[in-house]
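This report refers to the structure that appears directly beneath it.
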Protein chains: 2
Amino acid sequence: MNTDLQSTGLPIAAVERDTGLAKDTLRVWERRYGFPQPTRDLNGERSYPLEQVDKLRLIRRLIDQGLRPSKIIGLDVKALAGMLDEIGKPRDGGDPERSAQFAAILKFVRLHLHEDLRRTLQQLLMKLGLQRFVSEVVAPLNHVVGDAWLRGELEVPEEHLYTEQIQNILRAAISAHTTLRSGRPAVLLTTFPDEQHALGLLMVEATITPEGACCVSLGTQTPLEDIRTAASGGRFDIVAVSFSSAYPARQAIDGLRSLRSGLPEEISLWAGGAALHGAARKLPGITVFESIDALPGALDAWRRTYCATQA
Amino acid sequence: MNTDLQSTGLPIAAVERDTGLAKDTLRVWERRYGFPQPTRDLNGERSYPLEQVDKLRLIRRLIDQGLRPSKIIGLDVKALAGMLDEIGKPRDGGDPERSAQFAAILKFVRLHLHEDLRRTLQQLLMKLGLQRFVSEVVAPLNHVVGDAWLRGELEVPEEHLYTEQIQNILRAAISAHTTLRSGRPAVLLTTFPDEQHALGLLMVEATITPEGACCVSLGTQTPLEDIRTAASGGRFDIVAVSFSSAYPARQAIDGLRSLRSGLPEEISLWAGGAALHGAARKLPGITVFESIDALPGALDAWRRTYCATQA
DNA sequence: GTCAACATTTTGTCCAGGACAAAATATGAA
DNA sequence: TTCATATTTTGTCCTGGACAAAATGTTGAC
């Protein structure tokens with residue numbers, strides 16, 4: 001930990017934490033591509049200037065979007081930011097009133113106006129109801145915030161503030177729907193070991209709890225084997241797993257296949273999240289969600305298949 | 001990711017994730033102490049047998065408790081488990097009825113009886129009220145669960161289940177106390193970059209929100225510099241930081257001192273958590289909490305100092 | 001045209017073993 | 001006791017080589 005809050009450069013371990021790039025990767029990039037090019041401190045250890053760390057962050061985001069290091073590592077910060085803009089664009093295009101609201105919310109996040117943020121979200125929740133709030137506000141807002149973060153327009157605490165507030169509102173709303181003790185289906189929610197994002201799980205829970213499903217969330221990062229035993233032992237009907245956009249698609253697919261084969265046939269496996277777009281056909285026996293809106297329909301379908309009576 | 005759910009040995013990266021011991025550390029222990037002694041796979045890469053990983057986990061826990069690698073790395077699993085038992089003992093010793101309740105809760109956690117777990121906690125919350133629930137149930141339960149986890153009596157998903165349920169209950173209860181728009185003091189809650197545990201923050205929030213404080217949580221892992229700017233820019237009166245027992249004491253102390261010096265004098269800095277026990281005198285200008293029970297008193301003291309009128 | 005099989009390049013992670021500063025402990029003085 | 005100083009322990013960093021897995025490019029069959 002730096003003794004000064006102001007420091008001229010970060011040690012390699014801090015850069016690893018900040019950018020998510022492994023120490024080995026940072027060193028091998030330096031060797032291969034000549035970037036980053038940290039200065040050395042008195043002990044001959046790498047010290048990364050803040051601008052280089054910023055650029056590394058941008059590069060990291062672009063790689064998560066499918067670009068390759070060698071293609072982009074030589075570009076300057078402006079060009080990288082431009083590419084992220086391009087990628088962020090194809091979204092949006094909804095109701096202009098809603099868009100304006102999103103812009104306002106983003107402003108609240110940026111200016112740390114937590115009161116206004118909370119109030120605005122709460123009002124939207126009241127107006128729309130939980131399910132529409134999730135699909136029409138939270139989901140697109142995640143994209144807006146994600147894009148802003150991608151472009152470096154948000155700092156860490158802003159992103160945290162946003163996530164916390166959304167979580168608070170969703171959790172509160174979910175717990176207001178006092179679930180049926182033994183609602184069906186019983187759904188086990190969690191993520192794979194390298195996935196830290198819990199928001200997707202909450203969105204799922206918020207969408208299907210009002211439909212009478214009985215959700216139990218294990219939070220993030222549950223080992224595969226443990227998901228299997230928890231699902232089998234807990235009389236669950238469905239295991240639902242979510243993946244954020246940064247999660248490696250291959251790892252998700254392999255993991256899901258492996259989990260599917262280890263799970264009793266009568267337990268359904270549901271999966272969704274940005275990492276799985278277009279991967280449905282590679283995952284036989286698994287219900288892949290391209291959008292959160294598909295959840296209620298899938299729930300109905302499940303009930304028609306497995307239950308004589310509707311809930 | 002392993003293709004098989006069953007595998008004979010884990011690669012070094014998986015062991016790093018599982019045990020929290022850096023790859024470099026694993027390799028240097030092997031060189032110095034002869035343990036762990038992984039087999040090699042076809043590519044000559046380390047493959048750690050599960051028993052060795054289990055032992056590493058125990059060693060990790062003991063090191064977190066202040067023991068040193070060279071003293072314990074040669075012991076067998078049984079001896080290590082025994083030492084953890086010793087350390088876990090000095091707790092307990094409360095109301096026998098309450099102890100029985102804790103044992104029951106622990107059983108629910110172990111057996112994944114989420115319904116019973118939720119119901120029992122909810123009942124205790126109703127009976128005791130939020131503040132007493134936190135100090136008389138959540139705090140000691142954390143110890144009980146933490147000790148069980150330390151001894152390897154709980155698996156990952158059980159620990160997750162417990163944490164999730166407590167979080168759900170606390171968040172719901174907190175949001176029921178619709179905070180005064182501009183309650184005083186305004187408190188910014190967060191943790192340092194290497195601290196992932198959010199439960200401490202929620203406990204603080206649950207304890208002081210009913211007292212009329214206005215809490216904003218940034219969640220875990222906010223960079224020091226960002227805490228500073230967020231606090232200064234957001235008109236906060238108090239910054240509160242929590243540390244779990246695994247957090248390195250030195251790092252906490254250095255970080256707090258640094259944060260204190262970077263923060264305007266009129267903003268108070270509060271800190272608490274297992275990592276800080278007995279560290280109060282090393283932290284002048286910082287309010288260090290040995291127990292969650294001290295929070296309401298400190299809040300009163302703050303109000304007497306900084307406000308003419310009580311809230 | 002799509003798809004599968006194969007060849008090539010790119011890329012991340014692993015390895016060894018040396019070095020060294022920071023943390024923990026032991027030792028001695030006030 | 002409490003402080004300052006020496007010694008040991010311990011985690012992290014270093015270099016530069018190696019190589020498998022992933023991504024991409026190519027070919028040929030359908």
**Message:** Tell me the residue from B:GLY278, B:GLY285 that is under 20 Å from the mean Cα position of the chain (by Cα) and part of a loop (DSSP other than H, G, I, E, B), please.
**Reply:** B:GLY278
**Complete:** If you go through A:SER244, A:SER268, A:SER258, the only one that is within 14 Å of DNA strand D (Cβ to nearest atom) and either touching a residue at least 40 places away in the same chain (Cβ under 8 Å) or in the same structural domain as A:CYS214 (by TED's automatic domain parsing) (or both) is A:SER258
**Request:** Tell me which residues, restricted to region B:20-40, are within 9 Å of DNA strand D (Cβ to nearest atom) and either more than 25 Å from A:ALA22 (Cα to Cα) or assigned to a loop (DSSP other than H, G, I, E, B) (or both).
**Result:** B:LEU21, B:ALA22, B:TYR33
**Message:** Being away from DNA strand D (no atom under 16 Å from the Cβ), at pLDDT 85 or above and within 14 Å of another protein chain (Cβ to nearest Cβ) is the requirement here; does A:ARG98 meet it?
**Reply:** no
**Asked** Can A:ARG250 be described as surrounded by fewer than 18 Cβ atoms within 10 Å (Cβ to Cβ) and in contact (Cβ under 8 Å) with a residue 12 or more places away in the chain?
**Response** no
**Prompt:** So which of A:GLY9, A:GLY20 ends up being crowded, with 16+ Cβ neighbours inside 10 Å, at pLDDT below 90 and away from every other protein chain (no Cβ under 12 Å)?
**Reply:** A:GLY9
**Request:** Within region B:26-58, track down each residue that is free of Cβ contacts under 8 Å to residues at least 60 places away in the same chain, out of contact with any Lys or Arg (no Cβ under 9 Å at 6 or more places or on another chain) and surrounded by 15 or more Cβ atoms within 10 Å (Cβ to Cβ).
**Result:** B:TRP29, B:TYR48, B:PRO49, B:GLN52, B:VAL53, B:LYS55, B:LEU56
**Message:** Within region B:129-152, does at least one residue satisfy the condition of being under 23 Å from B:ARG60 (Cβ atoms), assigned by TED's automatic domain parsing to the domain that holds B:LEU106 and more than 15 Å from the chain's Cα centre (by Cα)?
**Reply:** yes
**Message:** Out of B:VAL77, B:VAL28, I need the residue that is within 16 Å of DNA strand C (Cβ to nearest atom) and away from chain A (no Cβ under 14 Å). Which one?
**Reply:** B:VAL28
**Fill in**
Subset of region A:215-271, residues of a type in the set (S, T, N, Q) and in a helix (DSSP H, G or I), comes to A:THR229, A:SER232, A:GLN251, A:SER258, A:SER261
**Message:** Please determine whether any residue of region B:85-101 is under 25 Å from B:ILE166 (Cα atoms), away from DNA strand C (no atom under 16 Å from the Cβ) and in contact with a strand residue (DSSP E or B) (Cβ under 9 Å, 6 or more places away or on another chain).
**Reply:** no
**Prompt:** Which condition breaks for B:VAL137 when tested against (1) more than 14 Å from chain A (Cβ to nearest Cβ); (2) outside any helix (DSSP H, G or I)?
**Reply:** (2)
**Fill in**
The residue from B:PRO296, B:PRO284 that alone is touching a residue at least 12 places away in the same chain (Cβ under 8 Å), surrounded by fewer than 17 Cβ atoms within 10 Å (Cβ to Cβ), more than 21 Å from A:VAL109 (Cβ to Cβ) and outside the structural domain of B:GLU159 (by TED's automatic domain parsing) is B:PRO296
**Prompt:** Out of (1) crowded, with 22+ Cβ neighbours inside 10 Å; (2) more than 14 Å from chain A (Cβ to nearest Cβ), the odd one out for B:LEU170 is which?
**Reply:** (2)
**Asked** Within region B:243-265, is there a residue that is out of contact with any Leu (no Cβ under 7 Å at 6 or more places or on another chain), farther than 15 Å from B:GLU195 by Cα and more than 10 Å from every other protein chain (Cβ to nearest Cβ)?
**Response** yes
**Message:** Given the criterion closer than 29 Å to B:ALA274 by Cα, without any contact (Cβ under 8 Å) to a residue 60 or more places away in the chain and away from DNA strand C (no atom under 16 Å from the Cβ), identify the matching residue among B:GLY82, B:GLY66.
**Reply:** B:GLY82
**Message:** If I go through region B:188-218 residue by residue, how many of them are within 7 Å of chain A (Cβ to nearest Cβ) and either polar (S, T, N, Q) or closer than 21 Å to B:SER258 by Cβ (or both)?
**Reply:** 3
**Which numbered condition A:GLU159 misses (of (1) outside any helix (DSSP H, G or I); (2) among the acidic types (Asp, Glu); (3) within 10 Å of another protein chain (Cβ to nearest Cβ))** = (1)
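The values are calculated or read from the model by the stated rules, or taken from the named source; none is laboratory data. Every value quoted in this text rests on a predicted model; they were computed, and no experiment measured them. Positions of Cβ are backbone-derived with ideal geometry, glycine not excepted, and every protein chain shown enters the neighbour counts.
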